[in-house]
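*Asks:* Sharing a structure here in structure tokens format.
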Amino acid sequence: MTRPGTEAQPLRVAIVGAGPTGFYATDQLFRQPGLVVDVDMYDRVPTPYGLVRAGVAPDHQKIKSVTAAFDKVAAHPRFRFFGAVELGRHLSVDDLRAHYHMIIYTTGAQTDRRMGIAGEDLQRSHAATEFVAWYNGHPDYRDLTFDLSQERAAVVGVGNVAADVARILSRTPEELAATDIADYALEALSASRIREVHVLGRRGPAQAAFTNPEVRELGELTGADVTARPEEVEPDELTRQVLERAPDRATQKKVEILKDFSRRTPTGKPKRLVMRFLVSPVELLDDGRGGVAGMRLVRNRLYATATGTLQPKATDEFEHLPVGLVFRSVGYRGVPLPGVPFNDDWGVILNEKGRVLDAQSKLPLVGQYTAGWIKRGPTGVIGTNKPDAAETVTGMLEDLARDIHLRPADASPAAVERLVRERQPQYLSYQDWLRLDEIETRRGKETGRPRVKFTRVKDMLAALGRA
Amino acid sequence: MNIASLLAKKGSKVITVQPEQTIRQALGLLADHNIGALVVVDRDSRPVGILSERDIVRSAARDEDVFVKTVSALMTKDVILGVPQDDLESVGRTMTDRHIRHLPVVDQRRLVGIISIGDVVKAQRDLYRGEVETLQIELTEEHGKPAGR
Ligand SMILES: Cc1cc2nc3c(=O)[nH]c(=O)nc-3n(C[C@H](O)[C@H](O)[C@H](O)COP(=O)(O)OP(=O)(O)OC[C@H]3O[C@@H](n4cnc5c(N)ncnc54)[C@H](O)[C@@H]3O)c2cc1C
Ligand SMILES: NC(=O)c1ccc[n+]([C@@H]2O[C@H](COP(=O)([O-])OP(=O)(O)OC[C@H]3O[C@@H](n4cnc5c(N)ncnc54)[C@H](OP(=O)(O)O)[C@@H]3O)[C@@H](O)[C@H]2O)c1
């Protein structure tokens, strides 16, 4: 038989996960000159876009315009979308192997990293992953509740997700009402009694993961005064040495922004956002009824590792921080997919530059690939997934050229559709999504918002006349 | 970003050699795996040195009997070890400043990977490209074209 990739025998590719990475990989496959490719994209939720819909903050609409580019990719005649179809539930890896020449797993990082301290699981201690998915209307998280009657909250971590969480907690109801935040979250946050949000970094400002536009934004909130402690934002001796040896504008700027915060005096805004550095929570304290009453913090000092990275080391100075609500924003983590080798060290699919490896032999598995957060871990902005997907697609094309691919029993598109219909009769197509998108945007227009999201699968189906 | 995300897509095998093995054996490993350096480990799998193709070439240039020498005779003993939590940026700076081409990475003294200066440069370039790509999305009001052109 001839090598797949021709009109007569298109290369059949399954992509599991409809986040940015899935779309970048699809786009790159469609752009290969002389290659005829069919792409079927699956997602466990009915809607596409992954974290662009369920992660990116509702008050950051500009970046969400990337979905227009994804829609273009999806308009390709050889593209199909199967929403509400989960690998491991409706379909197995063997099902995919029986119908495709190649499979790419782009399932992202579905859970949170743990801090590993006592009290982490007390009530009112939440993973930021859950809060974010909740306010963005992810169907699996929409029914969670957060006790926003507390007056003081802490966000652990100083990455961009921590900045998102702190900002959403600090926004005014009017500001939130102009976004596409989930309706129930808008309601809950509008009634929020939170007055103080403490954001906790374990290292100094120069080592903080958040990027400058995001920090700057924290200083421009209408409803919250931002503060920081001069002694915590002033670079220590080691940091000064690094900055002198290798001057880096962005880092210097970040330190400047935070120093500026430390010099500000409150202007009487309703909320206070407190940026803390060089502190680590060592324990969350129980209020006697199983809920968080506060946290014990230890003050850190920086030391240099062998490669010159400045890392925190606990001192013997402790502090009590009374807070009734905690958001742990210390990073995401990938979860294993049934039947796909996993690398537990890093929480990713076991792979080499995107080729999935056999768990025993550590040699590439024929026809199985991965890209994005589930390949390299939960770091990087949307665009970072583009070169990452390109690395994987390059490997796929190399393999194809050497005729290395699966030999599916039945590669016809119709066979897949029959199978999906049988396993998940309620699956959604891209046409279905575009229809929902139109309704969501129309409902938004009526209320002066970018869109009003569907957050229940049954509401989506009802809107499509399929309930 | 820390270097764990570089190791995450490098599988989990690190090709190692023991100090008492011969250079011929070491060359076999380098050739079989198409790599530029081997981590030299003791019996407890702790890194004790690094042996690069350069180390071998340098010795071969003046010594006909290089093949039967032991790894320990040629390896670099003063190895700098990284940890997965090391920041990409400081690792890149240290490797460049000290002319280190390969950095073994240990976690609680267990060898968990090795990264090359090439890995670091590629990661930095991809990070930069990703940021530019993302800025372009934010700056482009009108998305008339397919992803990222
Ligand atoms: C809270 C948050 C805010 C962010 N904000 C920004 C921002 O403002 N700007 C920016 O540039 N970047 C932002 N990022 C980063 C950006 O979202 C990621 O880089 C990007 O989404 C990763 O893409 P991905 O496709 O690898 O994973 P994801 O976007 O997570 O997509 C994975 C998809 O796979 C699906 N899936 C998972 N398991 C299965 C399964 N078993 N079967 C079928 N489907 C499955 C999921 O439902 C999901 O749709 C943010 C990240 C987070 C967490
Ligand atoms: N607006 C945007 O562009 C945007 C928005 C959201 C997310 N994103 C991107 O999405 C990615 C993920 O973001 P993220 O915020 O989840 O991850 P991140 O950038 O890796 O930040 C994680 C933060 O948690 C801290 N941390 C980790 N373990 C900790 C512990 N045990 N105790 C205390 N602090 C701990 C880290 O500190 P250390 O540095 O000391 O480890 C770091 O400050 C990032 O690349 C981010 O840029 C972008």
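The values are calculated or read from the model by the stated rules, or taken from the named source; none is laboratory data. All figures in this text were calculated on a predicted structure; none of them were measured in a lab. Using ideal geometry, Cβ is built from the backbone for each residue, glycine included, and neighbour counts are taken over all protein chains shown. Ligands, DNA and RNA are stripped out before the accessible areas are found, and what is left, the full protein with its side chains, is counted by its heavy atoms. Shrake-Rupley method; radii C 1.70, N 1.55, O 1.52, S 1.80 Å.
*Asks:* How about the range A:359-467: which helices (runs of 4 or more DSSP H) wholly inside it have at least 2 residues that are at pLDDT 95 or above and farther than 24 Å from A:Gly22 by Cα?
*Replies:* On the way: elements: A:373-376, A:385-401, A:413-423, A:430-447, A:457-463.
Output list reads A:430-447, A:457-463.
*Asks:* Then there's this: Determine which member of the set A:Val197, A:Val165, A:Val255, A:Val279 is aliphatic (A, V, I, L, M), more than 14 Å from every other protein chain (Cβ to nearest Cβ) and within 16 Å of ligand 1 (Cβ to nearest atom). Reasoning before the result, please.
*Replies:* Working: A:Val197 fails: within 16 Å of ligand 1 (Cβ to nearest atom); A:Val255 fails: within 16 Å of ligand 1 (Cβ to nearest atom); A:Val279 fails: within 16 Å of ligand 1 (Cβ to nearest atom).
Criteria check complete, one pass: A:Val165.
*Asks:* Looking at A:Ala467, A:Ala414, A:Ala462, which is the one that is in the same structural domain as A:Arg44 (by TED's automatic domain parsing), at negative phi, open to solvent by 50 Å² or more (accessible area, probe 1.4 Å) and among the aliphatic types (A, V, I, L, M)?
*Replies:* Values: A:Ala467 fails: in the same structural domain as A:Arg44 (by TED's automatic domain parsing); A:Ala462 fails: in the same structural domain as A:Arg44 (by TED's automatic domain parsing).
Among A:Ala467, A:Ala414, A:Ala462, only A:Ala414 is in the same structural domain as A:Arg44 (by TED's automatic domain parsing), at negative phi, open to solvent by 50 Å² or more (accessible area, probe 1.4 Å) and among the aliphatic types (A, V, I, L, M).
*Asks:* Have a look at A:Thr227, A:Thr239 and point out the one that is outside any loop (DSSP other than H, G, I, E, B), over 21 Å from A:Gly324 (Cβ atoms), assigned by TED's automatic domain parsing to the domain that holds A:Lys271 and open to solvent by less than 40 Å² (accessible area, probe 1.4 Å).
*Replies:* Working: A:Thr227 fails: over 21 Å from A:Gly324 (Cβ atoms).
Exactly one residue qualifies, and that residue is A:Thr239.
*Asks:* Right, another one. Has the range A:323-330 got at least one residue that is of a type in the set (S, T, N, Q) and closer than 30 Å to B:Gly92 by Cα?
*Replies:* At the first step, the residues of the range A:323-330 found to be of a type in the set (S, T, N, Q) are A:329.
Adding the requirement that they be closer than 30 Å to B:Gly92 by Cα leaves A:329.
Scanning the range A:323-330, I find at least one residue that is of a type in the set (S, T, N, Q) and closer than 30 Å to B:Gly92 by Cα, so the answer is yes.
*Asks:* So A:Asn343 ticks every box in (1) in contact (Cβ under 8 Å) with a residue 60 or more places away in the chain; (2) surrounded by fewer than 24 Cβ atoms within 10 Å (Cβ to Cβ); (3) over 30 Å from A:Gly465 (Cα atoms) but one. Which box is left unticked?
*Replies:* Here A:Asn343 clears every test but (1).
*Asks:* Please go through the range A:69-85 and give me each residue that is more than 30 Å from B:Leu139 (Cβ to Cβ) and either within 16 Å of ligand 2 (Cβ to nearest atom) or surrounded by fewer than 18 Cβ atoms within 10 Å (Cβ to Cβ) (or both), ordered by number.
*Replies:* Selection gives A:Pro77, A:Arg78.
*Asks:* Please indicate, with yes or no, whether at least one residue in the range B:92-108 is in contact (Cβ under 8 Å) with a residue 40 or more places away in the chain and either in a helix (DSSP H, G or I) or touching a His at 6+ places or on another chain (Cβ under 8 Å) (or both).
*Replies:* No: zero hits.
*Asks:* Right, something else. Is it the case, given these coordinates, that A:Ala162 is assigned to a loop (DSSP other than H, G, I, E, B), surrounded by 19 or more Cβ atoms within 10 Å (Cβ to Cβ) and in contact (Cβ under 8 Å) with a residue 12 or more places away in the chain? Before the answer, list the steps.
*Replies:* On the way: assigned to a loop (DSSP other than H, G, I, E, B): no; surrounded by 19 or more Cβ atoms within 10 Å (Cβ to Cβ): yes; in contact (Cβ under 8 Å) with a residue 12 or more places away in the chain: yes.
Against the criterion (assigned to a loop (DSSP other than H, G, I, E, B), surrounded by 19 or more Cβ atoms within 10 Å (Cβ to Cβ) and in contact (Cβ under 8 Å) with a residue 12 or more places away in the chain), A:Ala162 does not qualify.
*Asks:* Any residue in the range A:32-50 that is assigned to a helix (DSSP H, G or I) and either within 16 Å of ligand 2 (Cβ to nearest atom) or within 13 Å of chain B (Cβ to nearest Cβ) (or both)?
*Replies:* In the first step, residues of the range A:32-50 are kept if they are assigned to a helix (DSSP H, G or I); the result is none.
No, every residue in the range A:32-50 fails to be assigned to a helix (DSSP H, G or I) and either within 16 Å of ligand 2 (Cβ to nearest atom) or within 13 Å of chain B (Cβ to nearest Cβ) (or both).
*Asks:* Right, another one. Among the listed residues B:Asp86, B:Asp78, B:Asp32, identify the single one that is touching a Ser or Thr at 6+ places or on another chain (Cβ under 8 Å), within 14 Å of chain A (Cβ to nearest Cβ) and either touching a residue at least 24 places away in the same chain (Cβ under 8 Å) or open to solvent by 20 Å² or more (accessible area, probe 1.4 Å) (or both). Break it down into steps so the answer makes sense when it comes.
*Replies:* Values: B:Asp78 fails: touching a Ser or Thr at 6+ places or on another chain (Cβ under 8 Å); B:Asp32 fails: touching a Ser or Thr at 6+ places or on another chain (Cβ under 8 Å).
Only one candidate qualifies: B:Asp86.
*Asks:* Give all pairs with beta carbons closer than 9 Å in which a residue from the range A:367-380 that is assigned by TED's automatic domain parsing to the domain that holds A:Asp403 meets a residue that is aromatic (Phe, Trp, Tyr) and more than 9 Å from ligand 1 (Cβ to nearest atom); count only pairs at least 6 apart in sequence or on separate chains.
*Replies:* A:Gly367/A:Tyr100; A:Lys375/A:Tyr369; A:Arg376/A:Trp346; A:Gly377/A:Trp346
*Asks:* Can you find a residue that is away from every other protein chain (no Cβ under 14 Å), open to solvent by less than 20 Å² (accessible area, probe 1.4 Å), touching a residue at least 60 places away in the same chain (Cβ under 8 Å) and under 28 Å from A:Asp345 (Cβ atoms) anywhere in the range B:41-62?
*Replies:* yes
Results for (1) at pLDDT 95 or above; (2) in a loop (DSSP other than H, G, I, E, B); (3) of a type outside the set (A, V, I, L, M), shown as yes or no for each residue.
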site	(1), (2), (3)
A:Phe81	yes, no, yes
A:Tyr100	yes, yes, yes
A:Ala109	yes, yes, no
A:Gly116	yes, yes, yes
A:Val132	yes, no, no
A:Asp147	yes, yes, yes
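*Asks:* In addition: Looking at (1) open to solvent by 30 Å² or more (accessible area, probe 1.4 Å); (2) away from chain A (no Cβ under 14 Å), which is the only condition B:Ser12 fails?
*Replies:* Evaluating B:Ser12 over (1) open to solvent by 30 Å² or more (accessible area, probe 1.4 Å); (2) away from chain A (no Cβ under 14 Å) leaves (2) as the failure.
*Asks:* Sticking with this structure for a sec: Scanning the range A:187-207 for residues that are touching a strand residue (DSSP E or B) at 6+ places or on another chain (Cβ under 6 Å) and under 16 Å from A:Gly324 (Cα atoms), which turns out nearest to ligand 2 (Cβ to nearest atom)?
*Replies:* A:Leu200
*Asks:* Look through A:His60, A:His90 and report the one residue that is within 10 Å of ligand 1 (Cβ to nearest atom), closer than 26 Å to A:Ala163 by Cα and in contact with a helix residue (DSSP H, G or I) (Cβ under 9 Å, 6 or more places away or on another chain). Lay out the reasoning, then the answer.
*Replies:* Details: A:His90 fails: closer than 26 Å to A:Ala163 by Cα.
The unique qualifying residue is A:His60.
*Asks:* For residues that are under 22 Å from A:Gly380 (Cα atoms) and among the polar types (S, T, N, Q), scanning just the range A:86-114, find the one that is most open to solvent (accessible area, probe 1.4 Å).
*Replies:* Just the residues of the range A:86-114 that are under 22 Å from A:Gly380 (Cα atoms), to begin with: A:104-114.
Now drop any that are not among the polar types (S, T, N, Q), which leaves A:106-107, A:110-111.
Numbers: A:Thr106: 10, A:Thr107: 28, A:Gln110: 86, A:Thr111: 45 Å².
Filtering first and then ranking leaves A:Gln110.
*Asks:* Among the residues of the range A:155-182, how many are among the polar types (S, T, N, Q) and within 15 Å of ligand 2 (Cβ to nearest atom)?
*Replies:* Keep residues of the range A:155-182 that are among the polar types (S, T, N, Q), which gives A:160, A:170, A:172, A:179.
Narrowing the set further to residues that are within 15 Å of ligand 2 (Cβ to nearest atom) leaves A:160, A:179.
Qualifying residue count for the region: 2.
*Asks:* Which of the residues belonging to the range B:92-109 are open to solvent by 90 Å² or more (accessible area, probe 1.4 Å) and of a type outside the set (S, T, N, Q)? Before the answer, list the steps.
*Replies:* To start, the set of residues in the range B:92-109 that are open to solvent by 90 Å² or more (accessible area, probe 1.4 Å) comprises B:97-99, B:101, B:108-109.
If the condition is that a residue be open to solvent by 90 Å² or more (accessible area, probe 1.4 Å) and of a type outside the set (S, T, N, Q), then B:Asp97, B:Arg98, B:His99, B:Arg101, B:Arg109 are the ones that fit.
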